[in-house]
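Please read the structure below before turning to the comments.
The values are calculated or read from the model by the stated rules, or taken from the named source; none is laboratory data. Since the model is a prediction, treat every value here as computed from it, not as a measurement. Note that we place each Cβ from the backbone using ideal geometry, even for glycine, and neighbour counts take in every protein chain shown.
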Amino acid sequence: MSSKFEAKNIRANHRIRAPQIRLIGAAGEQVGIVPAKEGLRLAQEAGLDLVEVSPNAEPPVCRILDLGKYLYTLEKKEKESRKKQKVTMVKEIKLSSKIQEHDFQTKLRNARRFIQRGDKVKLTMFFRGREITHMDVGQRVIERFIQEMSDMAELEKNEGLTGRALHLYLTPISSAKKTLPKKDETGENNAEAQDKQGGQEAV
C-alpha cells in the first residue's frame, strides 16, 4: 500500500510533516486547525487514516478516511481521464485505379476496422505512368470505396491531386448522425412518410 501512495506523492499518517493541519472529519465535517498529531490520534481512534488531500493549502488540508478506498478512487479517475484523452490515429489505405477486387475488399475490411476503433482513414490513390490521363477510373474506385464506408464513415477532407496522388480523409460518423432517420427520394424522412401514409389509410 505504501509504495502506491509514495508513487503518487500522497502523504498519510506519520508521513504528514506539517506541524498543524486543517482537519476534515470522517463524515466530511470541518474540525478546524489542529496539530497533526491530534489529527492522527483521531484517525486511529476511528480505525481510519489521516490523509493529506490539499498539500499546497496553508495549513495543508487533511482528511480522516480509508486510504485504500481513496487510492482506488484516484486510480479510477486517472483511468477515466486517460480514456477521454485518447489520441485519434490516422491510418493510410493505399489504392490504385487498377486494384483487383480481392485487394479492394481486403483494404475495405482494414478501413472499417480502423474506423470502428475510432481512428481516421487517409485514402491515397496513386496514378502510375499513363494512369494519370485516365483519372476518372481512379475516381470511380474512390467513390465506390467511400460509398462502401458510408454506413460508418464520412468524407472529412479532400486534398485533391498532389503530384501523382489523390488524398482524402474519412472520419467516423458520430452516433448522433447514425441515429438520424433516412430520407426518401422526396426529401421526407421515413417516419414522416409512414405517418402520412397511415393518415391516408385511416381516411
- Odd one out for THR88 among (1) of a type in the set (Ser, Thr, Tyr); (2) within 28 Å of the chain's Cα centre (by Cα); (3) modelled with pLDDT of 90 or more: (3)
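For residues that are exposed (fewer than 10 other Cβ atoms within 10 Å of the Cβ) and closer than 18 Å to ALA111 by Cα, tally how many sit in region 127-150.
Qualifying residue count, region 127-150: 1.
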- Item | ILE99, sole failed condition from (1) assigned by TED's automatic domain parsing to the domain that holds ILE146; (2) at pLDDT below 90 | (2)
- Message: One residue is enough: does region 15-26 have a residue meeting the conditions surrounded by fewer than 13 Cβ atoms within 10 Å (Cβ to Cβ), outside the structural domain of GLU156 (by TED's automatic domain parsing) and out of contact with any helix residue (DSSP H, G or I) (no Cβ under 9 Å at 6 or more places or on another chain)?
- Response: no
- Elements of type strands (runs of 3 or more DSSP E) in region 52-128, at least 1 residues being among the aromatic types (Phe, Trp, Tyr): 120-126
- Query: Within region 157-168, can you find the residues that are surrounded by fewer than 17 Cβ atoms within 10 Å (Cβ to Cβ) and either at pLDDT 90 or above or within 23 Å of the chain's Cα centre (by Cα) (or both)?
  - Reply: LYS157, HIS167
- Message: Quick test for you: out of GLN100, GLN105, GLN116, pick the one residue that is among the polar types (S, T, N, Q) and in contact with a strand residue (DSSP E or B) (Cβ under 9 Å, 6 or more places away or on another chain).
- Response: GLN116
- Checked region 61-97 for anything surrounded by 12 or more Cβ atoms within 10 Å (Cβ to Cβ), free of Cβ contacts under 8 Å to residues at least 40 places away in the same chain and basic (Lys, Arg); matches are LYS91, LYS94
